[in-house]
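Accompanying notes for the structure given below.
The values are calculated or read from the model by the stated rules, or taken from the named source; none is laboratory data. It should be emphasised that the depicted structure is a prediction, and the values quoted were computed from it without experimental measurement. FYI the Cβ positions are ideal-geometry reconstructions off the backbone, even for glycines, and counts take in every protein chain you see. In case anyone asks, the SASA skips ligands and DNA or RNA and just uses the protein heavy atoms, side chains included. Shrake-Rupley method; radii C 1.70, N 1.55, O 1.52, S 1.80 Å.
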Amino acid sequence: MRTVPNSLHDEAASRLREQIFAGSLPPGSFLDEAALCERLAISRTPLREALKVLVAEGLLRHEPRRGCFVAEVTERDLDEIFPVIALLEGRAAHEATCRAGDADVAALEVLHLRLQQCAAEGRITDYYVANHAIHEAFITLANNRWLAQVIGDLRKILRLARLQQLHAPGRLQQSLAEHLAVFDALKRRDSDAAESAMRTHLLHQREALRDVARNQQSRLNP
């Protein structure tokens, strides 16, 4: 059997992944293979390989005799994922603190100053970007490919929910304070405190999302 060149189905998977994260393929939507082949200019074989990749990542679900649908993230999913990712990112913070050198601390200082500026000016979109860069920096410093892989997989699932936890009242400043607590622990070379602070930060994100959901429900049902 001839193998499909990796570049074809990898590129297709990447493009579909981007469309899912952007909301062009919303949760629950059906993926029409014929239409996708035409849109992506590929045959069905690499497309199906790409779909298998996204099913394995949890971004799609496959139903026998029906096809693939974009996965939907439930409140139960969030309740189950956040404690796990809190443990994993907490461990990443622990290992990053053990490995960080002076140059790493200086680079993190720049990122945290940017985060503070975004918070002070209320630029939530830019805050998200800076926030992501800080989390990525801790994972990179941890230098643990298994942690990085599992965290990355869970983050893909969370992106399906298009989380907006910073819109919860007071959450922006709370998030900033949590980040600064993690960074302070790293600068003190206190790996246990860094781990605990990062776990708290992630768990508070889940609490903030519950607040957002409650506020939305109250507006719909006065």
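Mean sequence separation of contacting Cα pairs (under 8 Å, at least six apart), scaled by the length of the chain, corresponds to a relative contact order of 24 percent. Its Cα gyration tensor gives the range 8-70 an equivalent ellipsoid, and the semi-axes of that ellipsoid, as √(5λ) in whole Å with the largest first, are 15, 13, 11. Rolling a 1.4 Å probe over the protein heavy atoms gives the chain an accessible area of 55 Å² per residue.
3J(HN,Hα) couplings calculated from phi for the range 188-201 with the Karplus curve 6.51 cos²θ - 1.76 cosθ + 1.60 (θ = phi - 60°) are, in sequence order, 7, 6, 9, 5, 5, 5, 5, 4, 5, 5, 5, 4, 4, 4 Hz; Gly and Pro show x.
Under the combined filter of DSSP loop state and at most 10 neighbouring Cβ atoms within 10 Å, the range 83-148 retains these GluC sites (Glu not before Pro): 121. Expressed as an acute angle from 0 to 90° and rounded to the nearest 10, what is the orientation of the C-alpha long axis of helix 124-142 relative to the principal long axis of the chain? Approximately 80 degrees, to the nearest 10.
Looking at the chain, the pairs of alpha carbons with a distance over 23 Å make up 55% of the total. Between residue 76 and residue 22, full extension at 0.36 nm per residue minus the direct alpha carbon distance yields a gain of 17.2 nm.
Scanning residues 5 or more positions from residue 29 or on other chains, those with amide H under 5 Å from its amide H are 70, with H placed 1.01 Å from N in the peptide plane.
Under 10 Å, Cα contacts only: if you run a Gaussian network model on the chain, which one of 138, 183, 30 comes out with the highest mean-square fluctuation? Top of the fluctuation ranking is 30.
Expressed as a whole percent, the accessible surface of the range 75-220 that belongs to carbon and sulfur atoms is 52, based on a 1.4 Å probe. Atom-type composition of the exposed protein surface of the range 8-70 places 50 percent of the accessible area on carbon and sulfur (1.4 angstrom probe). Suppose R0 equals 41 Å; then what is the FRET efficiency for residue 65 and residue 148 from their Cβ-Cβ distance, rounded to the nearest 0.05? After rounding to 0.05, the efficiency reads 0.65.
With the highest mean first, a sort of the peptides 169-180, 190-201 on other beta-carbon atoms found within 10 angstrom per residue produces 190-201, 169-180.
Our summary of shape: the Cα atoms of the range 1-126 have principal axis extents of 53, 35, 30 Å, ordered from largest down, in whole angstrom. If I take every Cα pair under 8 Å that is 6 or more residues apart in the range 1-97, average their sequence separation and divide by the length, what percent do I get for the relative contact order? The normalised contact order for the range 1-97 reaches 28 percent.
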